[in-house]
Amino acid sequence: MTSSRSNRLRPGKGRQRDLYPVNDTEKDQPIPMAEIRGWLLEQANRQRLEDHLDWYLTMYEGRQFEWFSSQAKGLRFTSFHVLAAESLSVDVKPSVVRWLLEPDSRRDELLDRIHQSLKPGADALWNCDQALLEGDRAEFELSGALFELYWNLRTLGTYDFSRGGIGQVTTSKLLAAMFPTVVPIRDSMVEALLGLGDHDNWWMKARELFLDDGGSLVQLLDGLRIPESSGDVTTLRRLDIILWMEANARGLTPKGQRKRSVPSQGEE
C-alpha cells in the first residue's frame, strides 16, 4: 500500500473515492496514444500510478479478476473465465455461457493453436508471434488465430456479423481472462483516454508501447507497489487499471454517452 494519500481508510471515518488531483490542463483531456508511453514513464507520475493501483485493488470489485482468472485451469473456457470477466462490470448471458462451456470444434481448434504458440519466452504481448494478432475479417484463413478467435467469440461461432453475439468489451475481458499476459483489455474508458477510433487495432498499438524500449515499460509497471493481498497482477492488467483510473480521474466521457457520475466501488 502506498503511504502518501491523505484520505486513507481510518476507523469510523470511511474513505472517499480517490479522484487523483488533476490540474486544469488535464481535466476532461485525453492522453493521445502517441504520448501515453512517455506519460507512464515520467518519474513525476509514479506516485499517481501507484495510487491508482492501490485504490482500485483495495476498493473495486474488479480486484477479483485476478483470483478468478487464476483458478481457470486447462485450455478451454471455464466458468472461472466468465466470472473473471463479470467481475469487470459486464454481464454474460446464460446462453452465451453455455456456448462457451460446451465443445465447439472451430473455437477449440483456435484455442489449441494459440496455446501452442505461446511458449516460454514468447508468451507475452510484446514477444509473442505477431501473426497471432493480425488479420482481416474478410479473409480469416489468412488471419492469426487470436484475431480470428476474437471474432469467433463476437459472433458465437457463426461468423455472421449481422446477427451479433458477444459485445466487444465482454469479448475483450473474456480473452484477457484466458490470456492475461497477451490480451490488453479495451473498454470505453480506455478508448476515451487514448482517443482510440472504432477501427484501431488496440492489441497492436499496445504491443508497440513495449517494443524496442529495453523492457523499461515492463520494468516500470511490474515494479509499482500494490496491496499485498492482490496476488499476481500481470503487466497488462496493471496497465489496464492505470488507464481506466486515469480516465475516471480526468472525468472523461466515453463516446456516445452523457457525462457520467463517479462510478461506485462496485463497478469495474
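The values are calculated or read from the model by the stated rules, or taken from the named source; none is laboratory data. Here the structure is a predicted model, which is why all the values come from computation and not from measurement. Because the Cβ atoms are built from the backbone with ideal geometry, glycine has one as well, and the counts that use them run over all protein chains shown.
Consider only pairs whose beta carbons are under 8 Å apart and that are at least six residues apart or on different chains; among these, list those whose first residue lies in segment 207-230 and is in a loop (DSSP other than H, G, I, E, B) and whose second residue is crowded, with 16+ Cβ neighbours inside 10 Å and polar (S, T, N, Q).
Filtered contacts from segment 207-230: Arg225/Thr2; Pro227/Thr58.
What is the one condition in (1) within 30 Å of Asp212 (Cα to Cα); (2) surrounded by fewer than 20 Cβ atoms within 10 Å (Cβ to Cβ); (3) among the aromatic types (Phe, Trp, Tyr) that Trp126 does not satisfy?
(2)
I'd like to verify a number: residues in segment 148-173 that are under 27 Å from Trp244 (Cα atoms), without any contact (Cβ under 8 Å) to a residue 40 or more places away in the chain and either out of contact with any helix residue (DSSP H, G or I) (no Cβ under 9 Å at 6 or more places or on another chain) or not in a loop (DSSP other than H, G, I, E, B) (or both), how many?
Matching residues across segment 148-173 total 8.
Return yes when Gly144 is under 22 Å from the mean Cα position of the chain (by Cα) and modelled with pLDDT under 95 and no when it is not. Outline the logic, then answer.
Values: under 22 Å from the mean Cα position of the chain (by Cα): yes; modelled with pLDDT under 95: no.
When the stated conditions are applied, Gly144 does not pass them.
Of the residues Arg46, Arg15, Arg8, which single one is at pLDDT 95 or above and basic (Lys, Arg)?
Arg46
Collect the residues in segment 129-143 that are touching a residue at least 60 places away in the same chain (Cβ under 8 Å) and crowded, with 17+ Cβ neighbours inside 10 Å, keeping them in residue-number order.
Of segment 129-143, the ones touching a residue at least 60 places away in the same chain (Cβ under 8 Å) are 130, 133-134.
The answer is Leu133, and nothing else.
Out of (1) buried (at least 16 other Cβ atoms within 10 Å of the Cβ); (2) of a type outside the set (Val, Ile, Thr); (3) more than 20 Å from Leu252 (Cα to Cα), what's the single condition that is false for Pro30?
Tallying (1) buried (at least 16 other Cβ atoms within 10 Å of the Cβ); (2) of a type outside the set (Val, Ile, Thr); (3) more than 20 Å from Leu252 (Cα to Cα), Pro30 fails exactly one: (3).
Scan segment 179-216 for residues that are under 20 Å from Asp129 (Cβ atoms) and touching a Ser or Thr at 6+ places or on another chain (Cβ under 9 Å) and jot them down.
Matches in segment 179-216: Pro180, Thr181, Val183, Pro184, Trp202, Phe210.
Would you point out the residue of segment 200-215, among those that are modelled with pLDDT of 95 or more and within 9 Å of Arg37 (Cβ to Cβ), that is surrounded by the most Cβ atoms within 10 Å (Cβ to Cβ)?
Looking at residues that are modelled with pLDDT of 95 or more and within 9 Å of Arg37 (Cβ to Cβ), I get Phe210.
I'm told Glu139 meets every condition in (1) in contact with a helix residue (DSSP H, G or I) (Cβ under 9 Å, 6 or more places away or on another chain); (2) more than 22 Å from Glu66 (Cα to Cα); (3) acidic (Asp, Glu) except one. Can you identify the failing condition by its number?
Single failed check for Glu139: (1).
Looking at Arg98, Arg113, Arg106, can you tell me which residue is over 20 Å from Gly167 (Cα atoms), surrounded by fewer than 17 Cβ atoms within 10 Å (Cβ to Cβ) and not β-branched (Val, Ile, Thr)?
Being over 20 Å from Gly167 (Cα atoms), surrounded by fewer than 17 Cβ atoms within 10 Å (Cβ to Cβ) and not β-branched (Val, Ile, Thr) holds for just one of Arg98, Arg113, Arg106, which is Arg113.
May I ask you to say which residue of Ala131, Ala138 is in a loop (DSSP other than H, G, I, E, B), over 22 Å from Ser79 (Cα atoms) and of a type in the set (A, V, I, L, M, F, W, C)? Before the answer, list the steps.
Values: Ala131 fails: in a loop (DSSP other than H, G, I, E, B).
Answer to the selection: Ala138.
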